[in-house]
Each structure stands twice: as structure tokens, then as C-alpha cells.
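Novice: Dropping a structure here in C-alpha cells format, bear with me for questions.
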Amino acid sequence: MVPKKIRVPFQDETIIQSLQAGDQVLLTGTIFTARDAAHKRMAEQLEKGEKLPVDLTNQVIYYVGPTPAREGEVIGAAGPTTSSRMDKYTPFLLEKGLKGMVGKGYRSQEVIDAISAKQAVYFAAIGGSGALLAKRIRAVELVAYEDLGTEAIRKLEVEDFPCMVINDAEGRDWYKESQAVFKSSAE
């Protein structure tokens, strides 16, 4: 299977609608990092009626807390963190225009339903491959919540960043579908 090359942030919903659970993709463009602490702070700001430090419209958030860069590198290891830790914030951020997330692991049914309702997509990156994924990151800029250290929000410029569509805009779940195929072939 040849990976689909996708530009981010998303410019047009037809791109999201063309992505199917199980598709391999290569993301190129701008994505933002945010983990648990940044999600909590964004939710608190929104609850207070404050503006977020970044515009999430059509954006992708990568659930990562990168390690410090070694000399001559733009970023340290940048492997995905467990996505379910952001589940309680995800529907709210999708309401604010977020269109994609990259992480690892399962999402709750509430999040899968919100992804479908808001015509968004959830990608998985390969856990344990942080050093390899870092090589697809061309530039890094700290944009908000510096006090959170590795959990601060950063803007990343990525090129051919490899991931797979897990939950698509139709509500499909690649984890469940692939397990069902495996189970039926094992019988």
C-alpha cells in the first residue's frame, strides 16, 4: 500500500473525508504538540472565555512531549503518548475546529463519535520510535505554556511524517476492524 501524502493544516474537508481507517499517510506541514497538561490548561482557558494561544481551526495536534534536542538536531525523541489521556478534552477541542490528532492507542466511543460528528480524523504513530519520528520534524517553535516544559505547546514543521488513520470521519475504527479480521481468519 502506498501512503497518501497529506498537507496539514487541512485546507479542505474533502481530504479528511477521503481518508479511511487503515490508510497509511505521510503528513507534511504544520502540526502542534500538546499533552495532558496543555489540554487541561486549554480547557481551563476556554471555560473562562479566554482565547487559546493557538488557533486550532483545521489543525492537527500531536500528543507528544519531546525530549531535549541534542546538539545539531531540531528536536529530541518525539514518540507519541497514549491518546486516551486526552479523551476528556478532545470533543471540546473538536468543537473549536481541531480536525486531526496523532497519538497511540485506543480512543473512547465518545471521542470516536465526536470525530465523526465534526468530520475529523485520528492518526496513530508508532510508539517506541521517537528517535525515528524526530527525523521527520524539520523545525520546532515553542508557542505557549513554556512553564510546562516538555508538555508546552510547540509548533512543528514536519515532512513525510508517517502515521496511520485509526478513526476516520465515518466513525470507523481500524483497531476494531483489524482485530475482527484477525479473529475470523484464526477460526
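The values are calculated or read from the model by the stated rules, or taken from the named source; none is laboratory data. For clarity, every value in this text was computed on a predicted model and none was experimentally measured. Using ideal geometry, Cβ is built from the backbone for each residue, glycine included, and neighbour counts are taken over all protein chains shown.
Novice: Grab the helices (runs of 4 or more DSSP H) fully contained in segment 69-141, keeping just those with 2 or more residues being over 19 Å from Val25 (Cα atoms) and in contact with a Pro (Cβ under 9 Å, 6 or more places away or on another chain).
Specialist: Qualifying helices (runs of 4 or more DSSP H): 109-117.
Novice: Find all pairs meeting these conditions: Cβ atoms under 6 angstrom apart; at least six residues apart or on different chains; first residue within segment 43-59 and within 13 Å of Leu98 (Cα to Cα); second residue of a type in the set (Gly, Ala, Ser).
Specialist: If the second residue must be of a type in the set (Gly, Ala, Ser), the pairs left are Leu56/Gly97; Thr57/Gly97.
Novice: Something else: Only residues that are in contact with a strand residue (DSSP E or B) (Cβ under 9 Å, 6 or more places away or on another chain), more than 14 Å from Ala34 (Cβ to Cβ), surrounded by 19 or more Cβ atoms within 10 Å (Cβ to Cβ) and small (Gly, Ala, Ser): list them for segment 92-122, please.
Specialist: If the condition is that a residue be in contact with a strand residue (DSSP E or B) (Cβ under 9 Å, 6 or more places away or on another chain), more than 14 Å from Ala34 (Cβ to Cβ), surrounded by 19 or more Cβ atoms within 10 Å (Cβ to Cβ) and small (Gly, Ala, Ser), then Ala120 is the only one that fits.
Novice: Could you list all residues from segment 7-18 that are more than 16 Å from Asp160 (Cα to Cα), in contact (Cβ under 8 Å) with a residue 40 or more places away in the chain and surrounded by 13 or more Cβ atoms within 10 Å (Cβ to Cβ)?
Specialist: Glu13, Ile16, Gln17
Novice: Taking segment 48-68, which residues are in a loop (DSSP other than H, G, I, E, B), under 18 Å from Phe161 (Cβ atoms) and not hydrophobic (A, V, I, L, M, F, W, C)?
Specialist: Asn58, Gln59, Tyr63, Gly65, Pro66, Thr67, listed by residue number.
Novice: Next question. Out of the residues in segment 161-187 that are among the aliphatic types (A, V, I, L, M) and modelled with pLDDT of 95 or more, which is farthest from the chain's Cα centre (by Cα)?
Specialist: Within segment 161-187, the match that is farthest from the chain's Cα centre (by Cα) is Ala169.
Novice: Residues Tyr89, Tyr62: which one is surrounded by 15 or more Cβ atoms within 10 Å (Cβ to Cβ), within 18 Å of Leu133 (Cβ to Cβ) and at pLDDT 95 or above?
Specialist: Only one candidate qualifies: Tyr62.
Novice: Shifting gears a bit: Any idea which of (1) buried (at least 21 other Cβ atoms within 10 Å of the Cβ); (2) touching a helix residue (DSSP H, G or I) at 6+ places or on another chain (Cβ under 7 Å); (3) closer than 21 Å to Ile126 by Cβ is the one Ala38 doesn't satisfy?
Specialist: (3)
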